[in-house]
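Comments concern the structure below.
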Amino acid sequence: MSIVKNLSFEWLVGIRYTRAGRRSGRNSFISFISLISMAGIALGVAALIVVLSVMNGFQKEVRDRMLSVLSHVEVFEPQGSLPDWQETARQAFKDKEVIGAAPYVSAQAIMTRNDTVRGIMVRGILPADEPQVSDVAKQIKEGSLDGLRTGEFNIVLGSELARAMGVFVGDKVTMIAPEGQVTPAGVIPRLKQFTVVGIFEAGHFEYDSSLAFIHIDDAMKMFKLPAPSGLRLKLEDMQRAPQVAEDLSRMLSGNLVIRDWSKQNRNWFAAVQTEKRMMFIILTLIIAVAAFNLVSTLVMTVTDKQADIAILRTLGASPGSIMKIFMIQGALVGLIGTAIGVGGGVLVADNIDVIVPFIEHLLHVQFLPRDVYLISELPSDLRWPDVWTIGGVSVVLAFLATLYPSWWAARVKPAEALRYE
């Protein structure tokens, strides 16, 4: 009697081999190794999902803090000033993605107070228009952004910069422009005293420690500029900034340079992407190790089931059917392990804001001390494309692990396998 070689028969035998093995000591050991392989795949998948979600969370948190100070798109002329910025803003608003625009002056200067000297980045703004392109007004800890009034030479400092200078609201600081003033006595430094009217905290050390805001009219006087340096734009969807910047380059007239936020911080974002790729490769090795365990499990199963294979062959099963049986067995282990890992990883990543504080309270430790790190809570940003990619890689590795044992099982010769039975 010949066995009908169909998929249902192969699935039934494959599933039975997956579940079998709790009677004899040898079968119990094989079953234990199979469970270890499944657990290894689940652990690797879960770890990869959680780690990538945390890295995405850090990237999103830092990016949002950067963009609370920076603009999504900057438009400026290579010469250093944009005289007709109102017309440029009017043209930019023709793009539906542009929802805010404000002029700015950008320059570097030296700030002094008593014996303290700091190099700073000065940004001249219109206080009434700045909320359209940034969140600086919401980040003021002391004072107010409205204190920047034309002609009064007031200044708003980052929190770390104010702490380094030892100043508070109402104190005076001196700003020195890099380009000196030519006089009959020679070139003398151009300096001006400013009054601190506000202190902001963006949560990003680079900007909190080096950025200062002054009124745009005062900035043009201080740095002798005929017009604002350029125009800052805010978009409806910041992720589309590169595409919008390309569209604006074709739409806006004049010799303008258009730069989106991803180009302004290209090195940082490139470093983060490299770290994510390396972390993905390193943690995928955990899944690969579990796949190697799956190879050993299937090899032991084939060795133990040689008599069964011989009987199936004598009843009419083809080598292809035998191969499919063990491929199904290994694939099931991989699929179940992947499913458990995906479920566990998604659950942990979605609740990491609850799990981490619980562990900190339980162990009386703090993973991110507030006085050392800018971010005191572990962020998480679960992205489903990452989950599907991790799950797909895990299933593929598990499937590849079944090929050699299944091929070896298909080569078993019935006569030799039954000789000593």
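The values are calculated or read from the model by the stated rules, or taken from the named source; none is laboratory data. Computed from a predicted model, the values in this text were never measured in an experiment. Ideal geometry is used to build each Cβ from the backbone, glycine not excepted, and the neighbour counts take in all protein chains shown. Heavy atoms of the whole protein, side chains included, go into the accessibility calculation; ligands, DNA and RNA do not. Shrake-Rupley method; radii C 1.70, N 1.55, O 1.52, S 1.80 Å.
List of remarks:
- Unit Cα scatterers, Debye sum, the chain: log10 I(q)/I(0) for q = 0.07, 0.11 Å⁻¹: -0.56, -0.89
- Using the Cβ of ASP217 as centre and a radius below 12 Å, the other residues enclosed give a net charge of 0, where K and R count +1 and D and E count -1.
- Taking 7 Å steps out from each Cα toward its Cβ at LEU225 and LYS192 produces label points 1.2 nm apart.
- THR116/LEU347 FRET efficiency (R0 51 Å; Cβ-Cβ; nearest 0.05): 0.50
- Using a probe of 1.4 angstrom and keeping all protein chains present, the accessible surface of region 284-353 works out to 38 square angstrom per residue.
- Under 22 Å of direct C-alpha separation, and excluding same-chain neighbours fewer than eight residues apart, LYS413 reaches these lysines: LYS5, LYS305, LYS324.
- Listed residues TRP261, TRP268, TRP407 arranged by accessible area, highest first, probe 1.4 Å: TRP407, TRP268, TRP261
- Its residue count N sets the reference 2.2 N^0.38 Å, and the alpha-carbon radius of gyration of region 184-334 equals 2.24 times that reference.
- Amide H to amide H distances under 5 Å link LYS234 with ILE99, GLY100, ALA101, where only residues 5 or more positions off or on other chains count and H is placed in the peptide plane.
- Counting Cα-Cα pairs of region 263-355 in 10 Å increments starting at 0 gives whole-percent bin shares of 13, 26, 25, 18, 11, 6, 2, 0.
- Using bins of 5 Å that start at zero, the share of Cα-Cα pairs per bin across region 77-190 amounts to 2, 9, 16, 19, 18, 14, 11, 7, 3, 1, 0, in whole %.
- Taking all protein chains into account, the per residue accessible area for region 132-252 stands at 46 Å² (1.4 Å probe).
- Cβ-based net charge around ASP208, under 14 Å, with every Lys or Arg adding one and every Asp or Glu removing one: 0
- Proximal charge balance of VAL62 [Cβ under 14 Å; K/R count +1, D/E count -1]: -3
- Of the accessible area of region 56-151, computed with a 1.4 Å probe over protein heavy atoms only, carbon and sulfur atoms account for 47 percent.
- Potential lengthening between LYS413 and ASP146 on full extension [0.36 nm per residue; Cα-Cα distance subtracted]: 87.3 nm
- Rh (Kirkwood; distinct C-alpha pairs) - region 273-324, Å: 13.7 Å
- Fully extending the segment from GLU206 to GLN86 would add 40.2 nm, taking 0.36 nm per residue of separation and subtracting the current Cα-Cα distance.
- Ratio of the Cα radius of gyration of region 26-140 to 2.2 N^0.38 Å, where N counts its residues: 1.95
- THR314-HIS364 pseudo-label distance in nm [points 7 Å out on the Cα-to-Cβ vector]: 7.0 nm
- Simple spin-label estimate for LYS172 and ASP129 in nanometres, 7 Å along Cα-Cβ: 3.2 nm
- Of the cross-linked pairs LYS60/LYS276; LYS60/LYS94; LYS192/LYS263; LYS60/LYS263, those separated by over 23 Å at the C-alpha level are LYS60/LYS94; LYS192/LYS263.
- Listed by chain and number, the aspartates and glutamates whose C-alpha is less than 20 Å from the C-alpha of LYS172, apart from same-chain residues fewer than 8 away, are ASP115, GLU142, ASP146, GLU152, GLU160, GLU201, ASP208, ASP217, ASP218.
- Relative protection proxy for 326-332, 394-400, from highest mean packing down: 326-332, 394-400 (other beta-carbon atoms within 10 angstrom).
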